[in-house]
Structure formats: structure tokens, C-alpha cells
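Below is one structure, written out as C-alpha cells, with a few remarks after it.
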Amino acid sequence: MVTHEVDGVLKVFKDGGIRENNPSGAALSEFHALYEGRASEPALLLSVGAGRVQPEKSDFDGRGLFGRFANLSTLRSLMYLQTPRIVQDAKVKYIEGQRQHYQMREAAHGENSWYKRIDVAGLEAMQQDEWIQGSYNDLKNFPGGATLTAIEEATEKDLHRPFDNILDSYTAPRMMLKQTAEKLVRQRRARERLGGPRWSTFAGMGSKIIRGGKGVVDRRSPS
């Protein structure tokens with residue numbers, strides 16, 4: 001949750017993730033609604049997590065609803081929510097976020113095709129409104145510098161770790177990110193070659209049509 005004072009009154013803002021912690025399933029449902037009969041699967045669905053918890057066998061054991069997850073500061077913050085019903089729902093959604101990932105991975109037959117998830121360890125305890133002043137690169141006392149540095153260091157550490165057969169489904173994070181970038185570049189180049197309204201909109205040309213990436217035809221009537 002984020003708290004902020006507005007006109008002298010302390011306001012509380014709740015993250016929409018309380019309703020759905022991992023919206024990848026909703027994104028896939030929207031894709032099927034938009035492309036029914038035209039495509040059976042998206043070219044790429046990239047799910048970006050908010051911080052990976054190191055899995056243990058005790059994560060889903062009999063020690064209550066959460067096992068080890070009950071110790072997370074993310075869940076401790078739920079005590080500030082307004083009703084027990086919302087608290088219970090939020091706790092369940094926290095676990096369901098990871099379950100949604102497993103369901104998506106099963107639907108895509110792994111993460112080596114159109115579905116990929118990147119989830120960096122070390123960011124799970126970071127508050128939504130955290131923006132701590134500190135050093136960032138060569139800048140001192142930079143607004144949000146300490147937060148940006150923490151995110152950057154955690155991401156670099158995760159991208160340089162080797163393949164882990166417990167955390168990873170088929171390859172290390174760095175290779176997955178490289179494959180994701182390559183797929184996006186290939187998709188962009190294919191659209192550029194085809195040209196037409198979709199590429200024109202994608203390239204930010206508005207009513208202009210780019211044909212095959214060579215030359216521009218303006219559809220607007222001359223003023």
C-alpha cells in the first residue's frame with residue numbers, strides 16, 4: 001500500500017494487484033478475445049515479476065496457509081488493510097501469482113516458446129512507494145538513487161547467475177532475456193517489411209503509411 005497526504009488528510013492507496021497479483025492469465029484471455037480465429041497463441045507474452053522468493057520445500061507445507069511466506073514483509077503489511085476479508089483475499093492472491101505462472105508455463109509447454117517470465121530475487125521486500133535518496137552511478141544524494149541502485153544491483157546479480165534447475169525451467173535468465181529481445185527485434189523487422197497501417201502506428205507516424213520501411217506516403221489531404 002501507498003500512503004500520501006492530500007489536503008491535510010492521510011490517504012491510503014491499494015495496489016490493484018490485490019485483485020490479481022499476476023495478470024498474465026488475463027492478458028492471454030484478452031489476446032484470445034482480440035485475435036479469435038486469427039492466431040492460436042501470441043508471438044510473445046513476457047511476465048515481469050516484482051521479486052522472486054527463493055523456493056523451499058517448506059513453502060507449501062502444513063505450517064498454515066503460507067508456510068515460509070508468512071514471514072515476508074509484503075504479507076506483514078497486509079495487517080493495515082481495512083477488512084479481514086481483503087486481508088485473506090490478498091494472501092491467497094500472493095500465492096496464486098506463482099500458481100498462475102505455473103499454469104501459463106504449462107499452457108505454453110514451457111518457457112522456451114511464446115511465454116517467458118523474468119522475476120529478480122532481492123526485490124520482493126521493496127515497498128511500492130520506495131524512493132530513497134542516495135548515490136546512483138556518479139551522482140550523490142540523487143532522488144531515488146538508493147532505490148535505483150538496489151534494483152540495478154539485484155538485476156545484474158540475477159542476470160549473471162548460472163542456470164539453476166530449481167529456479168529455471170530451461171535456461172539462465174540472461175539467455176532468456178537475450179532470446180526475448182531477439183524475438184521482439186525479429187517481430188519489429190517483420191512489421192517494418194510488411195509496412196501498412198500497423199507498422200505506421202507502431203512507428204508513431206499517425207496517418208502516414210510506411211511501405212516496406214522505404215519512403216512515406218501521407219494519407220492526409222494537403223492543407
Quickly run through the stretch 32-42 and pick out the residues that are touching a Phe, Trp or Tyr at 6+ places or on another chain (Cβ under 9 Å) and exposed (fewer than 12 other Cβ atoms within 10 Å of the Cβ). Ala39
Of the conditions (1) modelled with pLDDT under 90; (2) assigned to a helix (DSSP H, G or I); (3) surrounded by 14 or more Cβ atoms within 10 Å (Cβ to Cβ), Gln88 fails just one. Which one is it? (3)
Enumerate the strands (runs of 3 or more DSSP E) found wholly within the stretch 97-181, keeping only those where 2 or more residues are out of contact with any His (no Cβ under 6 Å at 6 or more places or on another chain), on the phi < 0 side of the Ramachandran plot and touching a residue at least 40 places away in the same chain (Cβ under 8 Å). 115-118
For the stretch 186-198, pairs from a residue that is among the basic types (Lys, Arg) to a residue that is surrounded by fewer than 13 Cβ atoms within 10 Å (Cβ to Cβ), with Cβ under 8 Å and 6 or more apart or across chains, are Arg191/Arg198; Arg193/Gly212
Candidate set: the stretch 121-141, residues that are at pLDDT 90 or above and surrounded by 16 or more Cβ atoms within 10 Å (Cβ to Cβ); chosen: the one nearest to the chain's Cα centre (by Cα): Tyr136
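The values are calculated or read from the model by the stated rules, or taken from the named source; none is laboratory data. What you see is a predicted model; the values in this text were computed from it and never measured. Here Cβ is always computed from backbone atoms with ideal geometry, including for glycine, and neighbour counts include all displayed protein chains.
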